[in-house]
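One structure is given here, and the rest of the page talks about it.
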Amino acid sequence: MPNWDREKLPRHVAVVMDGNGRWANQRGLPRTEGHKAGIDALVEVVDGALEADLEWLSTYAFSTENWKRSTGEVFFLMKSGRDVMRDWIGKLNENNVRVRWAGRPGRLWKSVVDQLKEAERVTAGNTGLNLTMCVNYGGRAELVDAMRSIAKDVAAGRVNPDKIDEELIARNLYIPEMPDVDLFLRTSGELRTSNFLMWESAYAEYVFVDELWPDFTKEHLFSAIDQYAGRDRRYGGALEGAVEVATVERDSAANEATPTELEATAAITLVPGSEQN
Ligand code: FPP
């Protein structure tokens, strides 16, 4: 594993585990074999996340759109998802991993919900890697659920609508303490985000790799972290060390602003990063 400067490490890596079906197709195997191999890859990547000392790893295990798949495939994903959590929980616990579930109970099998909640309960006191299993998860659904909960608070008089801000919305997401995604990773060469952690990924760095998920190893994870570590994150600010705006241009632009606008701009720019755009 590369010897990263801690400061350069992503705090939160989100992974769209894509390509299980294609991996199976290429081998003339049923899609379920691709999912089995995908589960093995997930276990390996969690080991990699532990080695890299990541704080958060979020995985897209079953999306709100995955119900469109054949009944047989959905049954298989429910059953194998539940069973892998049951069989894995002891090892995760030994490794100080805290399991989280993000998603809607909705149409999920009760035994799947029970197993996810059990994993959360058993590992609740752990302080190492936070492993989020996104099961029956959709980014838009998450925002809808957050809006509903805020609307209830407004209707009950607990929240003043004028006080709704980004922080309040973040506090109403499935896992309020989840930090923003730093590195968003997708396998299988597809260049889409597919409704995954939309709010949380607003400032994420994206890495798309060609490997199909079952072929993805911890070395691929380390290489993505390497790419991330080499990027310059600015959050809408300017590159440090770049040549400043010419004085004459600054002064001519400033002439167009009212005294109040000048004062407000100066107050904002005195706090670097206070206005993200
Ligand atoms: C995407 O490949 C993969 C999935 C939809 C499921 C991935 C899930 C796991 C590996 C773990 C399951 C765990 C739980 C708890 C449910 P794809 O089938 O979309 O591949 P394709 O695009 O090649 O068809």
Item to complete: Arrange Tyr137, Tyr206, Tyr235 by Cβ neighbour counts within 10 Å, fewest through most, would you?
Response: Tyr235, Tyr206, Tyr137
Item to complete: Take the alpha carbon gyration tensor of region 129-277, find the square roots of its eigenvalues, order them as a ≥ b ≥ c, and report rounded if a/c is under 1.5; if not, report prolate when a/b exceeds b/c, else oblate.
Response: oblate
Fill in: the chain: most fluctuating residue of Asp215, Asp232, Asp180 per GNM, C-alpha cutoff 10 Å
Asp232
Worksheet, complete the sentence: So, with points 7 Å from each Cα along the Cβ direction, the Glu263-Glu94 label distance in nm works out to 6.5 nm
Discussion item. Over the chain, with a Gaussian network built from C-alpha contacts below 10 Å, which listed residue (Asp251, Asp182, Asp226) shows the highest mean-square fluctuation?
Written reply: Asp251
Worksheet item: What is the distance, in nm, between label points placed 7 Å from the Cα along the Cα-to-Cβ direction at Phe222 and at Ala238?
Response: 3.9 nm
Worksheet item: Magnitude of the Cβ-charge dipole of region 32-73, K/R +1 and D/E -1, about the Cα centre, nearest 20 debye?
Response: 380 debye
Practice prompt. Grab the other residues whose beta carbon is less than 12 angstrom from that of Gly72, score K and R as +1, D and E as -1, and report the net.
Written response: +2
Discussion item. Mean-square fluctuation check for the chain, GNM, Cα pairs under 10 Å: which of Glu51, Glu263, Glu177 is largest?
Written reply: Glu263
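Size of the dipole of region 6-229 about the Cα centre, Lys and Arg at +1 and Asp and Glu at -1 on the beta carbon, nothing else charged, in debye to 20? Spell out each step's value before the answer.
Details: 29 positive and 35 negative charges, 220 e Å.
That gives region 6-229 a dipole magnitude of about 1060 debye.
If we count every other residue with Cβ under 12 angstrom of Arg234's Cβ, Lys/Arg +1 and Asp/Glu -1, where does the sum land? The partial results should precede the final answer.
Values: positive: Arg231, Arg233; negative: Glu205, Asp232, Glu240.
Surrounding charge for Arg234 is -1.
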Worksheet item: Computed over the Cα atoms, what is the radius of gyration of the chain divided by 2.2 N^0.38 Å, N being its residue count?
Response: 1.17
Worksheet item: Can you give the angle from 0 to 90° between the axis of helix 71-94 and the longest principal axis of the chain, with both taken from C-alpha atoms, to the nearest 10?
Response: 80 degrees
Worksheet item: Hey, rough spin-label estimate for Asn255 and Ala229, points 7 angstrom out along Cα→Cβ, what's it come to in nanometres?
Response: 5.0 nm
Item to complete: Would you mind calculating the gained length between Lys68 and Glu166 on full extension (0.36 nm times residue separation, minus the Cα-Cα distance), in nm to one decimal?
Response: 32.0 nm
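Could you list Lys110, Lys152 in order of exposure, starting from the residue whose Cβ has the fewest other Cβ atoms within 10 Å?
Values: Lys110 8, Lys152 11.
Ascending Cβ contact count within 10 Å gives the list Lys110, Lys152.
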Item to complete: Mind checking which lysines have their Cα closer than 26 Å to the Cα of Lys117? Skip sequence neighbours fewer than 8 apart in that chain.
Response: Lys36, Lys68, Lys79, Lys91, Lys152
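Can you pull the Rg over Rh of region 31-146, Cα-only, Kirkwood?
Numbers: Rg = 13.8 Å, Rh = 14.5 Å.
Reported Rg/Rh (Cα atoms, Kirkwood Rh): 0.95.
Every read-out reported here was derived from the displayed coordinates using simple, explicitly stated rules and does not represent laboratory data. From a predicted model like this one, the values you see are computed outputs, not experimental measurements. Please note: Cβ atoms are built from the backbone with ideal geometry, for glycine as well, and neighbour counts cover all protein chains shown.
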